[in-house]
Amino acid sequence: MHLADQDDRGFPSNVTDDQPQVTAYRRTVGTRRLIGDNRPPFAPAVTMSSLERIPGAIAEKFSAITALTDAFCEQHLNDEYRVLIHRVVGTLARKRPSPLLKGKEAVWAAGAVHAVGRANFLDDPSQVPHCKPKTIYEFFDIAESTGQNKSKQIRDALGMGLMSPDWTLPSRLADNPLVWMVQINGLMIDIRRSPPELQRLAYEKGLIPFIPAEGSSPDP
């Protein structure tokens with residue numbers, strides 16, 4: 001959007017004095033909440049250490065898979081990755097029917113690690129931590145093709161692409177441009193360039209992880 005499309009307040013020119021219609025750039029995946037739950041989608045992810053949120057029929061499989069991913073994270077990644085991978089496995093566990101019911105735990109574990117790593121450029125040597133896909137497949141003792149296929153299955157099921165806001169590590173949200181693309185009255189803008197009051201409105205709707213104008217970001 002060009003500056004000419006904004007009024008002297010920095011709002012898009014078609015925004016009236018009434019509250020603007022602010023919506024996310026895209027429908028987010030894995031952030032649906034119950035009515036009355038006011039926690040923003042970008043609130044820190046639940047660690048899923050408790051099985052109370054996992055259906056009983058899949059709880060044992062969930063525990064087995066996350067035990068494997070925890071071991072990998074302890075050796076090669078960090079706690080931030082561990083929490084996000086738990087969230088991925090937990091989301092798959094709550095699907096009906098859950099795809100986790102079929103397939104080996106090690107394959108699911110490798111696929112989950114690779115899927116999250118791919119969304120966060122884990123194989124980029126400039127990233128800390130980082131590792132190559134080969135390291136993942138060797139750790140879980142599976143074939144590369146098997147791991148890649150399972151990773152794709154997970155990414156397709158969760159709508160997980162490169163830099164997906166829903167699956168970006170908390171410490172990298174501020175640098176992910178897709179996080180800040182918000183639609184206001186039909187116009188797509190980078191909310192970081194908007195007035196603080198508009199940023200706060202987007203934050204209160206749970207569309208952005210924090211208010212850029214306040215210069216704060218969530219802890220990893």
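Read the figures in this text as sums done on the coordinates, not as results from a lab. Small disclaimer: the values here were computed from a predicted structure and weren't measured. As a convention, Cβ positions derive from the backbone with ideal geometry for all residues, glycine included, and neighbour counts pool all protein chains shown.
Which FRET efficiency, nearest 0.05, do LEU101 and ASN176 yield, Cβ-Cβ r, R0 30 Å? Spell out each step's value before the answer.
Values: r = 33 Å, r/R0 = 1.09.
Calculated transfer efficiency: 0.35.
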- Query: What is the percent of Cα-Cα separations in the stretch 51-163 that go past 20 Å?
  - Reply: 33
- Message: Viscosity 1.567 mPa s, temperature 4 °C: give me the Stokes-Einstein translational D for the stretch 139-220 in µm²/s, with Rh taken as the Kirkwood radius over C-alpha pairs.
- Response: 88
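Going down the table (LYS102/LYS132; LYS61/LYS95; LYS104/LYS150; LYS102/LYS134; LYS150/LYS205), which pairs top 22 Å between alpha carbons?
On the way: LYS102/LYS132 27 Å; LYS61/LYS95 14 Å; LYS104/LYS150 11 Å; LYS102/LYS134 24 Å; LYS150/LYS205 34 Å.
Violating the 22 Å Cα-Cα cut-off are LYS102/LYS132; LYS102/LYS134; LYS150/LYS205.
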- Message: Using 0.36 nm times the number of residues separating ALA64 and MET188, minus their current alpha carbon distance, what extension gain do you get?
- Response: 40.4 nm
